1. Being outside any strand (DSSP E or B), surrounded by 15 or more Cβ atoms within 10 Å (Cβ to Cβ), of a type in the set (Phe, Trp, Tyr) and within 16 Å of the chain's Cα centre (by Cα): is that true of residue 194 here?
2. If the requirement is being in contact (Cβ under 8 Å) with a residue 40 or more places away in the chain, in a loop (DSSP other than H, G, I, E, B) and within 19 Å of the chain's Cα centre (by Cα), which of these qualifies: 75, 87, 52?
3. Looking at 142, 129, 104, which one is within 21 Å of residue 57 (Cβ to Cβ) and either in contact with a strand residue (DSSP E or B) (Cβ under 8 Å, 6 or more places away or on another chain) or crowded, with 17+ Cβ neighbours inside 10 Å (or both)?
4. For region 98-108, state whether one or more residues are touching a Phe, Trp or Tyr at 6+ places or on another chain (Cβ under 6 Å), at pLDDT 95 or above and not in a helix (DSSP H, G or I).
5. Before we move on, is residue 43 among the small types (Gly, Ala, Ser) and either within 21 Å of residue 191 (Cα to Cα) or modelled with pLDDT of 95 or more (or both)?
6. Just for region 197-217: of the residues that are within 30 Å of residue 72 (Cβ to Cβ) and assigned to a helix (DSSP H, G or I), which one is modelled with the lowest pLDDT?
7. From the list 200, 134, 210, which one is free of Cβ contacts under 8 Å to residues at least 12 places away in the same chain, under 28 Å from residue 3 (Cα atoms) and among the aliphatic types (A, V, I, L, M)?
Amino acid sequence: MRTLSKPAGLPVFPPHDDAGGDCLLARLLAEEPCRADVTWPVGFEGGVAHRLDTSTSGALAVADDLAELVALRDLFTRKALLKTYVLRSAREVPWNDNLVEVALAHDRRRKGRMVVQRGASTPHRGRWLPARTALTRIGEGLWRAEMRTGVMHQIRIHCAFVGLPLLGDRVYGGGKTPTDAPEGVTFFLHHVGFQGEGVATSPVPSPSWASTMLTGA
């Protein structure tokens, strides 16, 4: 398994409106053309084992062969991997830790958005998906998020639900992206990596916004 360091602003797969556009997969295939000769499952081209939002930077695991991809996907499916993220929030709250355990589903009216289950009659599309996120303050406006589930937009909407929308995440109430945001950053979220059952991603560089806030530089 390889661990790639995905830059913020770079999509994992080609944009829908530009099949030949720059993306992590294109860069991977340019570096390792032999991966194009493998018949990977749809959605896992090149051996890419999972996804990150375009604005999210950080560790992205790539399987070396089909057998390894199957094994990795089994770990994800069984929720055997603990995934760790760092985020910058748009607001402050009086607490330092929070365990958010609320189901998520697709928004019935707005495509590409998720909703939290606030009650039995919450409007949604499809089925409710269990989701659990542990939040810990690690600096002023800086938080660690850990999860084993992996629902679309899980961290973004769980954080918004408890009053901690990600800075710049306009979809979930985080406001506009600051004018001094690093290149490629829309909202501030970084995947540190995952580990479980003897499998772990390799370390990747921390984004400037996280390292600066942690060191106070």
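1. Considered against the rule, which asks whether it is outside any strand (DSSP E or B), surrounded by 15 or more Cβ atoms within 10 Å (Cβ to Cβ), of a type in the set (Phe, Trp, Tyr) and within 16 Å of the chain's Cα centre (by Cα), residue 194 comes out as no.
2. On the way: 75 fails: in a loop (DSSP other than H, G, I, E, B); 87 fails: in a loop (DSSP other than H, G, I, E, B).
Sole residue among the options that is in contact (Cβ under 8 Å) with a residue 40 or more places away in the chain, in a loop (DSSP other than H, G, I, E, B) and within 19 Å of the chain's Cα centre (by Cα): 52.
3. None of the others qualify; the one that does is 142.
4. yes
5. So residue 43 passes the test.
6. Filtering first and then ranking leaves 214.
7. 200
The values are calculated or read from the model by the stated rules, or taken from the named source; none is laboratory data. Since the structure is predicted, the reported quantities are computational estimates derived from the model, not experimental observations. When we count neighbours, we look across all protein chains shown, and the Cβ atoms used for this are built from the backbone with ideal geometry, even at glycine.
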